[in-house]
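The values are calculated or read from the model by the stated rules, or taken from the named source; none is laboratory data. Because the structure is a prediction, the values reported are computed rather than measured. Reconstructed Cβ throughout: ideal geometry from the backbone, glycine too, with neighbour counts over all protein chains shown.
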């Protein structure tokens with residue numbers, strides 16, 4: 001099933017289910033896309049409250065009325081504000097709520113722009129329902145989601161001076177490659193068979209190493225120096 005297309009079939013994979021109350025705001029000016037998003041989001045569980053907005057101003061009203069949002073799905077093209085402007089405004093009005101950017105265009109340069117502007121993930125409207133659900137899981141778990149076909153990130157980062165890679169230990173490099181792959185701390189701990197607190201410690205060291213404030217900035221900086229997904 002393609003969530004941005006005309007067909008909203010049953011998911012081929014077993015759907016992800018959440019058994020806790022959750023509130024998601026979907027912002028898109030195309031009703032057909034919102035309907036597709038709604039059908040996919042409803043598979044997350046009965047406790048998921050899905051709000052909709054078709055423009056920026058209506059979305060801001062939703063933010064005022066609902067201070068307990070868990071996730072925002074944001075269309076890159078809105079009639080009254082660009083995606084980057086909207087990201088900046090959301091960063092001021094709801095700084096703790098992760099934003100998954102949705103776009104009809106899919107290229108590395110655009111992905112770089114939205115991640116740099118503060119998005120927690122980027123996904124194309126042509127993506128499958130399965131991929132959208134995976135992106136939502138990654139973002140809700142505190143990771144950074146990028147499409148597999150853009151993960152080589154060629155041309156994604158502007159040139160800059162990076163520290164020497166030798167300063168990272170082997171384990172830190174493995175943790176960092178998992179971060180680039182969009183994994184949360186919990187997923188990294190499971191994959192590398194180490195404790196989640198150990199992962200958090202390594203992530204903190206990685207942020208200090210690149211002299212950045214968050215995971216997104218670390219991923220952007222690291223890929224510029226030559227790191228790629230995988231361990």
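Taking every residue in the stretch 39-61 that is under 17 Å from residue 85 (Cβ atoms) and pairing it with any residue that is in a helix (DSSP H, G or I), at least 6 positions away or on another chain, the pairs with Cβ-Cβ distances below 6 Å are 53/59; 53/62; 56/86. Just need a number here: residues in the stretch 92-112 that are assigned to a helix (DSSP H, G or I) and touching a strand residue (DSSP E or B) at 6+ places or on another chain (Cβ under 8 Å). Summing the residues that are assigned to a helix (DSSP H, G or I) and touching a strand residue (DSSP E or B) at 6+ places or on another chain (Cβ under 8 Å) in the stretch 92-112 gives 2.
Would you confirm, using the coordinates I've provided, whether residue 155 is at pLDDT below 85, more than 16 Å from residue 115 (Cα to Cα) and either in contact with a helix residue (DSSP H, G or I) (Cβ under 7 Å, 6 or more places away or on another chain) or surrounded by fewer than 19 Cβ atoms within 10 Å (Cβ to Cβ) (or both)? Spelling it out, it is not the case that residue 155 is at pLDDT below 85, more than 16 Å from residue 115 (Cα to Cα) and either in contact with a helix residue (DSSP H, G or I) (Cβ under 7 Å, 6 or more places away or on another chain) or surrounded by fewer than 19 Cβ atoms within 10 Å (Cβ to Cβ) (or both). When each of 74, 69, 87 is tested for being surrounded by 15 or more Cβ atoms within 10 Å (Cβ to Cβ), at pLDDT 90 or above and assigned to a strand (DSSP E or B), the lone residue that passes is 74.
Consider the stretch 20-54 and keep the residues that are part of a loop (DSSP other than H, G, I, E, B) and surrounded by 16 or more Cβ atoms within 10 Å (Cβ to Cβ). The one that is nearest to the chain's Cα centre (by Cα) is 28.
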